[in-house]
Amino acid sequence: MKKIIFFSVNMHIGGMEKALVDLLNELAKKNYDVTLVLEKKEGILLRQIDKRITIREYKVCTGGSVLIRKVKNFLHRTIWTAKNRGKYDFSCAYATYSVIGTRLALAASANSSIYIHSDYFDVYRGNREEIKKFFDELHLEDFRHTIFVSNESRDKLQRVYPSIEEKGVVIDNLIDADKILKLSADKVPLEKAGNKTFLFVGRLEEESKRLTRLLKAFSTAYQKDGRIHLSIIGDGKDRDLCRKFIHELHLENAVVMLGKKENPYPYIKAADCVLLTSDYEGYPVIYSECLILQTPVITTVPVSDGFVDIRDYEVVVEKEEKAIADAILKTDFQQYGKNKIDFKELNRKKLESLERLFISI
(Lines give C-alpha, C1' and ligand atoms only; values in the text may rest on other atoms or scores of the structure.)
Protein backbone atom coordinates (compact mmCIF):
# COMPACT_ATOMS: atom_id res chain seq x y z
CA MET A 1 0.00 0.00 0.00
CA LYS A 2 1.49 3.30 -1.09
CA LYS A 3 1.91 5.99 1.53
CA ILE A 4 0.71 9.41 0.36
CA ILE A 5 0.96 12.69 2.27
CA PHE A 6 -0.62 16.11 1.59
CA PHE A 7 0.13 19.44 3.25
CA SER A 8 -2.32 22.33 3.58
CA VAL A 9 -3.26 25.12 5.99
CA ASN A 10 -6.76 24.42 7.36
CA MET A 11 -10.12 23.02 6.28
CA HIS A 12 -12.30 26.09 6.38
CA ILE A 13 -14.80 26.50 3.55
CA GLY A 14 -13.15 27.36 0.24
CA GLY A 15 -12.98 26.01 -3.28
CA MET A 16 -9.48 24.61 -2.85
CA GLU A 17 -10.35 22.99 0.46
CA LYS A 18 -13.54 21.41 -0.91
CA ALA A 19 -11.56 20.00 -3.82
CA LEU A 20 -8.97 18.60 -1.41
CA VAL A 21 -11.69 16.77 0.52
CA ASP A 22 -12.97 15.12 -2.66
CA LEU A 23 -9.46 14.15 -3.74
CA LEU A 24 -8.48 12.66 -0.38
CA ASN A 25 -11.72 10.71 -0.13
CA GLU A 26 -11.20 9.23 -3.60
CA LEU A 27 -7.69 8.15 -2.65
CA ALA A 28 -9.00 6.55 0.54
CA LYS A 29 -11.54 4.56 -1.50
CA LYS A 30 -8.64 3.15 -3.52
CA ASN A 31 -6.97 2.00 -0.31
CA TYR A 32 -4.00 4.34 -0.32
CA ASP A 33 -2.48 5.08 3.08
CA VAL A 34 -3.25 8.82 3.14
CA THR A 35 -2.05 11.43 5.63
CA LEU A 36 -3.10 15.08 5.70
CA VAL A 37 -0.93 17.57 7.60
CA LEU A 38 -2.49 20.94 8.45
CA GLU A 39 -0.94 24.03 9.97
CA LYS A 40 -4.17 24.33 11.93
CA LYS A 41 -6.40 21.31 12.43
CA GLU A 42 -9.58 23.29 12.18
CA GLY A 43 -12.43 24.01 9.79
CA ILE A 44 -15.94 22.73 9.16
CA LEU A 45 -14.79 20.60 6.24
CA LEU A 46 -12.79 18.33 8.56
CA ARG A 47 -15.91 16.30 9.26
CA GLN A 48 -16.31 15.52 5.55
CA ILE A 49 -12.94 13.76 5.34
CA ASP A 50 -12.97 9.96 5.18
CA LYS A 51 -12.20 8.41 8.60
CA ARG A 52 -9.49 6.25 7.03
CA ILE A 53 -7.37 9.33 6.44
CA THR A 54 -4.87 10.30 9.13
CA ILE A 55 -5.05 14.02 9.96
CA ARG A 56 -2.14 15.64 11.77
CA GLU A 57 -1.35 19.17 12.86
CA TYR A 58 1.96 20.94 12.33
CA LYS A 59 1.79 24.16 14.30
CA VAL A 60 3.99 27.03 13.25
CA CYS A 61 5.13 29.23 16.14
CA THR A 62 3.93 32.81 15.59
CA GLY A 63 4.32 34.33 19.05
CA GLY A 64 7.22 35.73 21.04
CA SER A 65 10.28 37.54 19.75
CA VAL A 66 11.51 36.99 16.20
CA LEU A 67 14.63 35.16 17.40
CA ILE A 68 12.76 32.80 19.72
CA ARG A 69 10.14 32.16 17.06
CA LYS A 70 12.79 31.29 14.47
CA VAL A 71 14.63 28.97 16.86
CA LYS A 72 11.44 27.13 17.84
CA ASN A 73 10.33 26.71 14.24
CA PHE A 74 13.80 25.55 13.16
CA LEU A 75 13.96 22.92 15.91
CA HIS A 76 10.40 21.78 15.19
CA ARG A 77 11.12 21.36 11.47
CA THR A 78 14.44 19.62 12.14
CA ILE A 79 12.81 17.05 14.43
CA TRP A 80 9.86 16.51 12.06
CA THR A 81 12.18 16.07 9.09
CA ALA A 82 14.36 13.56 10.95
CA LYS A 83 11.32 11.45 11.76
CA ASN A 84 9.65 11.67 8.33
CA ARG A 85 12.38 12.07 5.71
CA GLY A 86 11.69 9.80 2.75
CA LYS A 87 8.92 8.03 4.64
CA TYR A 88 6.30 8.48 1.92
CA ASP A 89 5.95 7.27 -1.66
CA PHE A 90 4.44 10.60 -2.75
CA SER A 91 4.16 14.00 -1.09
CA CYS A 92 2.19 17.04 -2.14
CA ALA A 93 2.35 20.67 -1.04
CA TYR A 94 -1.32 21.34 -1.80
CA ALA A 95 -1.52 24.96 -0.58
CA THR A 96 0.94 26.88 -2.74
CA TYR A 97 1.15 29.78 -0.30
CA SER A 98 2.22 27.58 2.64
CA VAL A 99 6.00 27.93 2.90
CA ILE A 100 6.30 25.34 5.65
CA GLY A 101 4.11 22.95 3.67
CA THR A 102 6.55 23.06 0.77
CA ARG A 103 9.52 22.42 3.07
CA LEU A 104 7.84 19.42 4.67
CA ALA A 105 6.68 18.00 1.35
CA LEU A 106 10.21 18.13 -0.04
CA ALA A 107 11.47 16.26 3.03
CA ALA A 108 8.70 13.66 3.17
CA SER A 109 9.41 12.12 -0.24
CA ALA A 110 11.88 12.29 -3.11
CA ASN A 111 8.74 11.98 -5.25
CA SER A 112 7.41 15.40 -4.27
CA SER A 113 4.90 17.68 -5.94
CA ILE A 114 3.51 21.17 -5.56
CA TYR A 115 -0.07 21.98 -6.55
CA ILE A 116 -0.59 25.43 -8.11
CA HIS A 117 -4.21 26.52 -7.89
CA SER A 118 -4.01 30.07 -9.23
CA ASP A 119 -2.56 31.90 -12.21
CA TYR A 120 0.43 33.43 -10.45
CA PHE A 121 1.71 35.07 -13.62
CA ASP A 122 -1.40 37.25 -13.52
CA VAL A 123 -1.36 37.52 -9.72
CA TYR A 124 1.94 39.39 -10.05
CA ARG A 125 0.89 41.18 -13.26
CA GLY A 126 3.66 39.48 -15.23
CA ASN A 127 6.40 40.90 -12.98
CA ARG A 128 9.03 38.17 -13.36
CA GLU A 129 11.10 39.41 -10.46
CA GLU A 130 8.16 39.17 -8.07
CA ILE A 131 7.11 35.80 -9.47
CA LYS A 132 10.60 34.38 -8.97
CA LYS A 133 10.80 35.84 -5.46
CA PHE A 134 7.57 34.06 -4.54
CA PHE A 135 8.34 30.68 -6.08
CA ASP A 136 12.06 30.60 -5.23
CA GLU A 137 11.09 30.84 -1.56
CA LEU A 138 8.94 27.75 -2.14
CA HIS A 139 11.85 25.96 -3.86
CA LEU A 140 9.65 25.34 -6.90
CA GLU A 141 12.40 23.83 -9.00
CA ASP A 142 13.27 21.26 -6.32
CA PHE A 143 9.93 19.50 -6.73
CA ARG A 144 9.78 16.48 -9.04
CA HIS A 145 6.30 17.50 -10.26
CA THR A 146 4.50 20.81 -10.66
CA ILE A 147 0.73 20.28 -10.85
CA PHE A 148 -1.54 22.95 -12.33
CA VAL A 149 -5.33 23.14 -12.52
CA SER A 150 -5.40 24.87 -15.91
CA ASN A 151 -3.41 24.96 -19.12
CA GLU A 152 -3.26 28.73 -18.96
CA SER A 153 -1.60 28.95 -15.53
CA ARG A 154 0.96 26.32 -16.58
CA ASP A 155 1.79 27.97 -19.90
CA LYS A 156 2.22 31.42 -18.35
CA LEU A 157 4.44 30.29 -15.47
CA GLN A 158 6.54 28.35 -17.96
CA ARG A 159 7.69 31.71 -19.35
CA VAL A 160 9.48 32.30 -16.05
CA TYR A 161 10.43 28.69 -15.24
CA PRO A 162 11.18 26.81 -18.49
CA SER A 163 11.75 23.59 -16.50
CA ILE A 164 7.98 23.33 -16.07
CA GLU A 165 7.74 22.23 -19.69
CA GLU A 166 9.15 18.84 -18.69
CA LYS A 167 7.78 18.33 -15.20
CA GLY A 168 4.61 20.43 -15.27
CA VAL A 169 1.28 18.60 -15.61
CA VAL A 170 -2.32 19.82 -15.66
CA ILE A 171 -4.64 17.91 -13.33
CA ASP A 172 -7.73 19.89 -12.43
CA ASN A 173 -9.56 19.35 -9.15
CA LEU A 174 -11.71 16.26 -8.73
CA ILE A 175 -15.36 17.03 -8.08
CA ASP A 176 -17.86 14.72 -6.36
CA ALA A 177 -20.85 15.29 -8.63
CA ASP A 178 -23.15 12.90 -6.74
CA LYS A 179 -22.52 14.75 -3.47
CA ILE A 180 -23.20 18.12 -5.08
CA LEU A 181 -26.45 16.94 -6.70
CA LYS A 182 -27.63 15.44 -3.41
CA LEU A 183 -26.83 18.56 -1.38
CA SER A 184 -28.44 20.83 -3.98
CA ALA A 185 -31.86 19.31 -3.19
CA ASP A 186 -32.12 21.29 0.06
CA LYS A 187 -34.64 24.12 0.04
CA VAL A 188 -33.27 27.64 0.48
CA PRO A 189 -34.88 31.10 0.71
CA LEU A 190 -33.13 32.51 -2.36
CA GLU A 191 -34.69 35.75 -3.60
CA LYS A 192 -36.73 34.85 -6.71
CA ALA A 193 -39.13 37.77 -6.97
CA GLY A 194 -37.07 39.56 -9.58
CA ASN A 195 -36.79 39.10 -13.31
CA LYS A 196 -33.41 37.33 -12.99
CA THR A 197 -31.58 36.13 -9.92
CA PHE A 198 -27.77 36.31 -9.92
CA LEU A 199 -25.31 34.82 -7.46
CA PHE A 200 -21.69 35.32 -6.44
CA VAL A 201 -19.94 32.57 -4.45
CA GLY A 202 -16.39 32.99 -3.18
CA ARG A 203 -13.95 34.77 -0.90
CA LEU A 204 -14.75 38.40 -0.30
CA GLU A 205 -11.35 39.61 -1.45
CA GLU A 206 -11.08 42.63 -3.71
CA GLU A 207 -7.58 42.01 -5.04
CA SER A 208 -8.42 38.82 -6.91
CA LYS A 209 -12.22 38.65 -7.03
CA ARG A 210 -12.73 42.30 -7.97
CA LEU A 211 -15.85 42.75 -5.87
CA THR A 212 -16.13 46.42 -6.77
CA ARG A 213 -16.23 45.46 -10.46
CA LEU A 214 -18.99 42.98 -9.64
CA LEU A 215 -21.10 45.53 -7.79
CA LYS A 216 -20.54 48.39 -10.23
CA ALA A 217 -21.45 46.18 -13.18
CA PHE A 218 -24.53 44.92 -11.40
CA SER A 219 -25.48 48.49 -10.49
CA THR A 220 -25.26 49.55 -14.14
CA ALA A 221 -27.54 46.67 -15.12
CA TYR A 222 -29.90 47.34 -12.21
CA GLN A 223 -30.40 50.94 -13.31
CA LYS A 224 -31.81 49.58 -16.57
CA ASP A 225 -33.74 46.66 -15.09
CA GLY A 226 -34.84 47.18 -11.50
CA ARG A 227 -36.22 43.64 -11.26
CA ILE A 228 -32.88 41.80 -11.13
CA HIS A 229 -31.40 40.58 -7.85
CA LEU A 230 -27.94 39.58 -6.60
CA SER A 231 -27.08 37.30 -3.67
CA ILE A 232 -23.52 37.11 -2.36
CA ILE A 233 -22.29 33.98 -0.56
CA GLY A 234 -18.93 34.06 1.18
CA ASP A 235 -16.85 35.94 3.69
CA GLY A 236 -13.42 37.52 3.83
CA LYS A 237 -11.34 40.54 4.68
CA ASP A 238 -13.24 42.83 2.28
CA ARG A 239 -16.72 42.10 3.61
CA ASP A 240 -17.07 45.69 4.84
CA LEU A 241 -15.92 47.02 1.47
CA CYS A 242 -18.81 45.12 -0.13
CA ARG A 243 -21.28 46.60 2.30
CA LYS A 244 -19.86 50.06 1.67
CA PHE A 245 -20.30 49.78 -2.08
CA ILE A 246 -23.79 48.30 -1.77
CA HIS A 247 -24.73 51.38 0.26
CA GLU A 248 -22.97 53.90 -2.00
CA LEU A 249 -24.54 52.39 -5.12
CA HIS A 250 -27.99 52.31 -3.47
CA LEU A 251 -28.33 48.57 -3.97
CA GLU A 252 -29.81 47.71 -0.57
CA ASN A 253 -33.01 46.47 -2.19
CA ALA A 254 -31.24 44.54 -4.92
CA VAL A 255 -28.25 42.88 -3.24
CA VAL A 256 -28.16 40.64 -0.17
CA MET A 257 -25.06 39.31 1.58
CA LEU A 258 -25.72 35.79 2.87
CA GLY A 259 -22.36 35.12 4.52
CA LYS A 260 -20.62 31.74 4.48
CA LYS A 261 -22.67 28.69 3.59
CA GLU A 262 -21.46 25.16 4.27
CA ASN A 263 -23.85 24.06 1.54
CA PRO A 264 -24.01 26.65 -1.26
CA TYR A 265 -25.35 24.19 -3.85
CA PRO A 266 -29.09 24.83 -3.44
CA TYR A 267 -28.37 28.53 -4.03
CA ILE A 268 -26.31 27.76 -7.13
CA LYS A 269 -29.05 25.49 -8.46
CA ALA A 270 -31.78 28.07 -7.81
CA ALA A 271 -29.93 31.00 -9.40
CA ASP A 272 -30.49 32.06 -12.99
CA CYS A 273 -26.79 32.78 -13.33
CA VAL A 274 -23.56 32.85 -11.31
CA LEU A 275 -21.25 35.87 -11.73
CA LEU A 276 -17.45 35.68 -11.56
CA THR A 277 -15.61 38.96 -12.17
CA SER A 278 -12.08 38.01 -11.06
CA ASP A 279 -8.86 39.32 -12.54
CA TYR A 280 -7.28 35.87 -12.29
CA GLU A 281 -8.05 32.30 -11.26
CA GLY A 282 -6.54 28.87 -11.80
CA TYR A 283 -9.56 26.78 -12.73
CA PRO A 284 -12.34 27.85 -10.35
CA VAL A 285 -14.14 25.01 -8.58
CA ILE A 286 -17.35 27.01 -9.06
CA TYR A 287 -17.14 26.26 -12.80
CA SER A 288 -17.47 22.53 -12.25
CA GLU A 289 -20.15 23.03 -9.61
CA CYS A 290 -22.21 25.14 -12.01
CA LEU A 291 -21.75 22.68 -14.87
CA ILE A 292 -22.97 19.85 -12.61
CA LEU A 293 -26.00 21.87 -11.51
CA GLN A 294 -26.69 23.19 -15.04
CA THR A 295 -26.42 26.83 -13.89
CA PRO A 296 -25.10 29.39 -16.40
CA VAL A 297 -22.04 31.50 -15.56
CA ILE A 298 -20.96 34.96 -16.70
CA THR A 299 -17.20 35.09 -16.19
CA THR A 300 -14.13 37.17 -16.93
CA VAL A 301 -11.76 34.18 -16.65
CA PRO A 302 -11.49 31.86 -19.69
CA VAL A 303 -9.57 28.69 -18.80
CA SER A 304 -9.27 25.07 -19.84
CA ASP A 305 -7.90 21.95 -18.17
CA GLY A 306 -7.44 19.57 -21.07
CA PHE A 307 -10.92 18.13 -20.65
CA VAL A 308 -13.21 21.15 -20.37
CA ASP A 309 -12.71 24.57 -21.94
CA ILE A 310 -15.08 26.90 -20.12
CA ARG A 311 -15.48 28.99 -23.27
CA ASP A 312 -17.47 26.12 -24.77
CA TYR A 313 -20.08 26.20 -22.00
CA GLU A 314 -20.37 29.61 -20.35
CA VAL A 315 -20.53 33.33 -21.14
CA VAL A 316 -17.00 34.78 -21.20
CA VAL A 317 -16.69 38.58 -21.25
CA GLU A 318 -13.96 41.20 -20.98
CA LYS A 319 -12.84 42.43 -17.55
CA GLU A 320 -14.93 45.59 -17.97
CA GLU A 321 -18.01 46.72 -16.06
CA LYS A 322 -19.96 47.54 -19.24
CA ALA A 323 -19.29 44.13 -20.78
CA ILE A 324 -20.45 42.39 -17.60
CA ALA A 325 -23.54 44.61 -17.31
CA ASP A 326 -24.46 43.99 -20.95
CA ALA A 327 -24.16 40.25 -20.42
CA ILE A 328 -26.36 40.45 -17.33
CA LEU A 329 -29.07 42.24 -19.32
CA LYS A 330 -28.82 40.60 -22.72
CA THR A 331 -27.79 36.96 -22.25
CA ASP A 332 -30.40 34.34 -23.03
CA PHE A 333 -29.62 31.94 -20.22
CA GLN A 334 -31.72 29.20 -21.80
CA GLN A 335 -28.82 28.66 -24.19
CA TYR A 336 -26.28 28.08 -21.42
CA GLY A 337 -25.74 25.73 -18.53
CA LYS A 338 -26.99 22.65 -20.33
CA ASN A 339 -24.33 20.02 -20.94
CA LYS A 340 -23.75 16.29 -20.91
CA ILE A 341 -20.36 16.20 -19.22
CA ASP A 342 -19.68 12.90 -17.46
CA PHE A 343 -17.96 14.05 -14.27
CA LYS A 344 -17.43 10.51 -13.01
CA GLU A 345 -15.43 9.76 -16.14
CA LEU A 346 -13.55 13.04 -15.79
CA ASN A 347 -12.67 12.20 -12.19
CA ARG A 348 -11.44 8.78 -13.26
CA LYS A 349 -9.13 10.29 -15.88
CA LYS A 350 -7.82 12.97 -13.53
CA LEU A 351 -7.17 10.44 -10.78
CA GLU A 352 -5.34 8.21 -13.26
CA SER A 353 -3.11 11.17 -14.18
CA LEU A 354 -2.35 11.80 -10.52
CA GLU A 355 -1.70 8.13 -9.79
CA ARG A 356 0.88 8.02 -12.54
CA LEU A 357 2.87 10.55 -10.51
CA PHE A 358 2.82 8.22 -7.50
CA ILE A 359 5.03 5.74 -9.38
CA SER A 360 7.07 8.17 -11.48
CA ILE A 361 10.42 7.55 -9.76
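The values are calculated or read from the model by the stated rules, or taken from the named source; none is laboratory data. Only a predicted model underlies this, so the values are computations on that prediction, with no experimental measurement involved. Here Cβ is always computed from backbone atoms with ideal geometry, including for glycine, and neighbour counts include all displayed protein chains. Side chains are part of the model used for accessible areas, which takes the heavy atoms of the whole protein and leaves out ligands, DNA and RNA. Shrake-Rupley method; radii C 1.70, N 1.55, O 1.52, S 1.80 Å.
Given +1 at the Cβ of Lys and Arg, -1 at the Cβ of Asp and Glu and no other charges, the dipole of the chain around its Cα centre is 1300 debye to the nearest 20. With R₀ fixed at 22 Å, the C-beta to C-beta distance from R227 to F333 puts the FRET efficiency at about 0.90. Quick note on region 1-73: its Rg to Rh ratio, both from C-alpha atoms and Rh being the Kirkwood radius, is 1.08.
How large is the translational diffusion coefficient of region 271-361 in µm² per second when you combine the Kirkwood radius over alpha carbon pairs with Stokes-Einstein at 37 °C and 0.692 mPa s? Can you show the working numbers first?
On the way: Rh = 14.4 Å.
Here the translational diffusion coefficient equals 229 µm²/s.
Which sequence of E320, E129 reflects their accessible areas, 1.4 Å probe, from the largest down?
Numbers: E320 105, E129 145 Å².
Correct descending sequence by accessible area is E129, E320.
At the listed q of 0.14, 0.19 Å⁻¹, the Debye profile of region 1-144, built from one uniform point per Cα, gives log10 I(q)/I(0) equal to -0.71, -1.22.
Heavy atoms only, probe 1.4 Å: what % of the accessible area of region 144-290 goes to carbon and sulfur, would you let me know? All intermediate terms of the calculation are to be shown ahead of the outcome.
On the way: 2810 of 6140 Å².
Roughly 46 percent, rounded to a whole number.
As a size descriptor, the averaged projected area of the C-alpha convex hull of region 154-271 was calculated at 9.9 nm². Full extension of the segment from R85 to N73, taken as 0.36 nm per residue of separation minus the current Cα-Cα distance, would add 2.6 nm. The magnitude of the dipole of region 170-265, with charges of +1 and -1 set on the Cβ of Lys/Arg and Asp/Glu and taken from the Cα centre, is near 260 debye.
Based on every Cα atom in the chain, Rg and the maximum pairwise Cα distance Dmax equal 21.0, 65 Å. Computed over protein heavy atoms with a 1.4 Å probe, the accessible surface of the chain works out to 46 Å² per residue.
The stretch between E141 and K41 holds 33.1 nm of extra length on full extension. This uses 0.36 nm per residue minus the Cα-Cα distance.
Can you tell me the alpha carbon radius of gyration of region 206-361 divided by the globular rule-of-thumb value 2.2 N^0.38 Å? Can you show the working numbers first?
Numbers: Rg = 17.1 Å, N = 156, 2.2 N^0.38 = 15.0 Å.
Region 206-361 yields a ratio of 1.14.
If you roll a 1.4 angstrom probe over the protein chains with everything in place, what fraction of the accessible area of region 1-133 belongs to carbon and sulfur, to the nearest %? Can you show the working numbers first?
Values: 3400 of 6410 Å².
Carbon with sulfur: 53 percent of the solvent-accessible area.
In a simple Cβ point-charge model (Lys, Arg +1; Asp, Glu -1; nothing else charged), region 320-361 has a dipole of about 260 debye relative to its Cα centre. In the chain, helical runs assigned H by DSSP with n ≥ 4 each contribute -39500 (n - 2.57); averaged across all residues and rounded to the nearest 500, the mean residue ellipticity at 222 nm is -11500 deg cm²/dmol. Note that region 237-249 has calculated 3J(HN,Hα) couplings of 5, 9, 4, 5, 4, 4, 4, 4, 5, 4, 5, 5, 8 Hz, one per residue in order, obtained from phi through the Karplus relation 6.51 cos²θ - 1.76 cosθ + 1.60 (θ = phi - 60°); glycine and proline are x.
Coupling constants for region 211-228 follow from the phi torsions by the Karplus curve (6.51 cos²θ - 1.76 cosθ + 1.60, θ = phi - 60°), and in residue order they are 5, 5, 4, 4, 6, 5, 5, 5, 4, 4, 5, 5, 5, 9, 9, x, 9, 7 Hz; glycine and proline get x. Pairs of C-alpha atoms in region 212-283 farther apart than 21 Å represent 27 percent of all such pairs. The alpha-carbon positions of region 114-154 define a convex hull whose volume is 61 Å³ per residue.
Simple rule: put +1 on each Lys or Arg Cβ and -1 on each Asp or Glu Cβ in the chain, find the dipole, and look at G168, P284, T54; the Cα lying farthest toward the positive end is T54. Give me the net charge for the shell around I13: Cβ to Cβ below 9 angstrom, other residues only, Lys and Arg +1, Asp and Glu -1. Neighbourhood net charge equals 0. Spread over its residues, the convex hull of the C-alpha atoms of region 49-108 is 105 Å³ per residue.
Suppose R0 equals 30 Å; then what is the FRET efficiency for I341 and N31 from their Cβ-Cβ distance, rounded to the nearest 0.05? Please report the intermediate quantities before stating the final value.
Details: r = 28 Å, r/R0 = 0.93.
Efficiency for this residue pair is about 0.60.
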